[in-house]
Structure formats: structure tokens, C-alpha cells
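What follows is a set of notes on a single structure, which appears directly below.
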Amino acid sequence: MKLSSEISAVVTGGASGLGAATASRLRESDAKVTLFDLNADIGEKFAREIGASFAQVDVCDAAAVALALDGAHAAQNGLHILVNCAGIAPAAKTVSRDAPHDPALFSKVIGINLIGSFICGSHAATLMTRGSAQNDDGERGVIINTASVAAYEGQIGQVAYAASKAGLAGMTLPMARDLADKGVRVCSIAPGLFLTPMLQGLPQEVQDSLGGQVPFPSRLGKPEEYAALVAHIAENAMLNGEVIRLDGAIRMTPR
């Protein structure tokens, strides 16, 4: 579908990092955008800056997600794009200091990263199917999830995070197949090392060292590069059921 003022989007985790860059990119194409995030102060301020709307949403709360998506659908006269960027990445080993991994922490990571993305995707797809086709292919919408190279090369201490992202990668094709007859596409992006708030908090020498591990370009990825791929997926109707690595050819080592 062609990005324009006729297109409506929701970006989860849209107040910072990859989500914020994506929201900005979509607004640059005049799409109507609603940001979902837990941080209301940052989210509302950023939404005002780019001319978007904001809703404080816990993606694990199915009722809250449904209410917010229904609201965005009504306010923006439809829903055509959902980008799932909400996620967390705590570090914990399977066994550490003779103690097992905290099952509550593992469940929390799976709940936000994987189940939260599914909850948002399933309800968004329901709304998308009620809209009119956007092109001659009969396309009604696209869902873009954020996986990670950790889905394939999870590092030490990433057991919960890697499992959640592998779940997103595995969900991509069957969800696309489920929604094919309804004109809704599903893709996932698997970023490598990107300059997100988590990495920005590290000392510069650590950032440089991490960027140096990337074969080419030998640097950390820019959130704007992730956002550019989101825009391309939205506009390229043949991209469906695919997990796309965006990583400068890096293959993560154990640590």
C-alpha cells in the first residue's frame, strides 16, 4: 500500500528507540499514527512533536489493547499498519550462582515480547479485515513484528529474550497464512545491534566495540534504518510471511 494521509498506523513501544523512529518515518509520509507505550510523559510529549496521537497501553492486557486499538481505528478512520516494537531484554542465565532462572522473569519477557505482540496483532488484524482494500491485490493491512538476531544466535544471559524473539520469528509465517485470504500481510524484522536507548546508556568505548563486531557497515545500526525497512515492507505487497534480518551481516558470538 502506498503510504499517505489515507493510511492509519499504530506503533507499540512508540515513545522511544525503534518505535519512535518508525512513528516519525510514517508521519513523514503523512500517515496517521497512534503511539502505544507505558511511559505517558515521554509518549505524550513525543506524539505532540510529530503530530501523532498517544495511548498508554500495557500490551499484555488484552482488554486494554482492544480498547486502545478500537479507539485508534475510530479516530483515524481505519487501521492499515501495526508495528510491534514494545519489548524488554533483561539479562539472566539459565542457572546463576547455583540458582535457577526466575520463572516470573522468564514469563514476563515472553508475555511482553511474544504474547503482547500476538494480542496486538490478532486484534489489529480483526479491525483491518473490516476495512476496504487499499490496492488491486485486495490488501487491507500489514502487521510488522520486531524479532531479533537473538532468535537465531541468542547470547549467554539471553535465554528468555531469545526464546521470545524466536517465538515471533516462528509466528510470522503461520499468521501470514491465517490472514492471507483476508488481505492482511505479516512480516517480522530481526535487527542486529542497533543504537537503542539500552545501548545509548553504555560508555562510548563499549558502543564502539559493539559496532566494530558488525562486518559492514562496521557500526551500530540507526533506528532510522529500521524505520526505512518498515516503510518498505508497508509499500511492497510481495513481502509477506518473511523474517528479514537487518544486521550488517553480523552473527552473534556466545558472549
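Every read-out reported here was derived from the displayed coordinates using simple, explicitly stated rules and does not represent laboratory data. The structure displayed is predicted, hence computed values, not measured ones. When we count neighbours, we look across all protein chains shown, and the Cβ atoms used for this are built from the backbone with ideal geometry, even at glycine.
In whole percent, what relative contact order does region 8-246 give with Cα contacts below 8 Å and a gap of six or more residues?
Across region 8-246, relative contact order equals 20 percent.
Return the sequence-ordered ³J(HN,Hα) values of region 231-242 in whole Hz as given by the Karplus equation 6.51 cos²θ - 1.76 cosθ + 1.60 applied to θ = phi - 60°, using x for Gly and Pro.
So the Karplus estimates, Gly and Pro as x, are 4, 5, 4, 4, 8, 9, 5, 7, 7, 7, x, 10 Hz.
Show the residues, 5+ positions off or on another chain, whose built amide H is closer than 5 Å to the amide H of ARG245.
Answer set, sorted by chain and number: ALA190.
Report, to the nearest 10°, how far helix 159-179 tilts away from the longest principal axis of the Cα atoms in the chain, using its own Cα long axis and a range of 0 to 90°.
Roughly 30 degrees, rounded to the nearest 10.
Alpha carbon centre of region 186-255 versus region 66-83: separation in Å?
So the two Cα centres are separated by 27 Å.
Amide H to amide H, which residues 5 or more places from VAL142 or on other chains are under 5 Å from it, using H placed in the peptide plane?
ILE81, LEU82, ARG185
Please compute the contact order of region 200-255 in relative form: average sequence separation of alpha-carbon pairs under 8 Å and at least six residues apart, divided by the residue count, as a percent.
Here the relative contact order equals 36 percent.
What does the helix-only formula give at 222 nm for the chain: each DSSP H stretch with n ≥ 4 adding -39500 (n - 2.57), the total divided by the residues, and the result rounded to the nearest 500 deg cm²/dmol?
Taken over the chain, the calculation gives -12500 deg cm²/dmol.
Within region 43-112, report the trypsin sites (Lys or Arg not before Pro) that DSSP leaves as loop and that have at most 15 other Cβ atoms within 10 Å.
LYS93, ARG97
Run down the lysines and flag those whose C-alpha is under 19 Å from the C-alpha of LYS108, throwing out any fewer than 8 positions away in its chain.
LYS93, LYS165
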